[in-house]
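Following: one structure in structure tokens, then a few remarks.
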Amino acid sequence: MSNEKYDPPPLEPTAGDAAHTLARTGLSALPFVGGPATELLNTVLAPPLIRRQQEWREQLAEAVRAIEEKLGVMPEELSENEDFIDAVLTASDIALRTSCDEKLAALRAAVENSASAESPGASLQQVYLNLVGQYTVWHIRILVLFNNPPEWFRLQGRTMKERRMTSSLVAVLEEAYPELRGCRGFYDQVWRELYTGGMVNTEGLQTTMTAQGASQRRTTELGQGFLAFITNSN
């Protein structure tokens, strides 16, 4: 393995970069936007977009370094890996549209995993990446929790409450995330979307079940594959 590290060329923010980025977001197509209004949008949106672009480039550079160190794949080889290039381009588009650190971490992990011999392949990785863009951070958090509830609590340094008789998935969810108490409409909608998307195997959170049943994995094979793809293997 080479000791040389890959470093991206420096990105210099220019008026051209800002205009190009803004055009890609569709601002130029907004009705009744022109002249002073366009200049105002440039002033408001161009700086944060350029900052996001720079930060994401740094994340990509770290991903390339990680791929070289963990997988022994050199940057020159990556340039010939079409699945990797597809993942970078899709992830980059999504990254510029979010400020959520957890989603950005998921995108970086996906880019790293796309270079692995165990990559799910171009079509499935495209589905997974699109889901990162579509889902909120709560979709991902809830999916991670119900992939293995006891393990989730252990990693948080907590002990899952023992229930002697009956329980429900709602009880597990609200124990894990007390801030969701009183937000049934919200988390029911999130769960419904996970279920209809084939990510979990249980239709509703409210169903009464045994305490042991409430602690069981609820993710499907598709959901498990999605989490593996967006999770760093470290």
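A short reminder: the numbers here are calculations on the coordinates, not readings from a lab. Keep in mind the model is a prediction, meaning the values are calculated, not measured. Cβ coordinates were reconstructed from backbone atoms using ideal geometry, including for glycine residues, and neighbour counts include every protein chain displayed.
Given labels modelled 7 Å from the Cα in the Cβ direction, how far is it in nm from M74 to A228?
Calculated label separation equals 3.0 nm.
So which trypsin sites (Lys or Arg not before Pro) in the stretch 134-167 are both in a DSSP loop and have at most 10 other Cβ atoms within 10 Å of their Cβ?
Of the trypsin sites (Lys or Arg not before Pro), the ones in loops of the stretch 134-167 whose Cβ has at most 10 other Cβ atoms within 10 Å are R164.
Obtain the nm distance between the two label points defined at D188 and R217 by a simple spin-label model: each point lies 7 Å from its Cα along the Cα-to-C-beta direction.
Distance between the two pseudo-spin positions: 2.9 nm.
Which value in nm describes the separation of the simple spin-label points at Q206 and C100, placed 7 Å from the Cα toward the beta carbon?
Modelled inter-label distance: 2.5 nm.
Any chance you could check the Cα centroid distance between the stretch 95-135 and the stretch 185-233 for me, in angstrom?
Measuring centre to centre over Cα atoms gives 19 Å.
Taking other Cβ within 10 Å of each residue's Cβ, how do E102, E82 sort, fewest first?
Ordered from fewest to most neighbouring Cβ atoms within 10 Å, E102, E82 come out as E82, E102.
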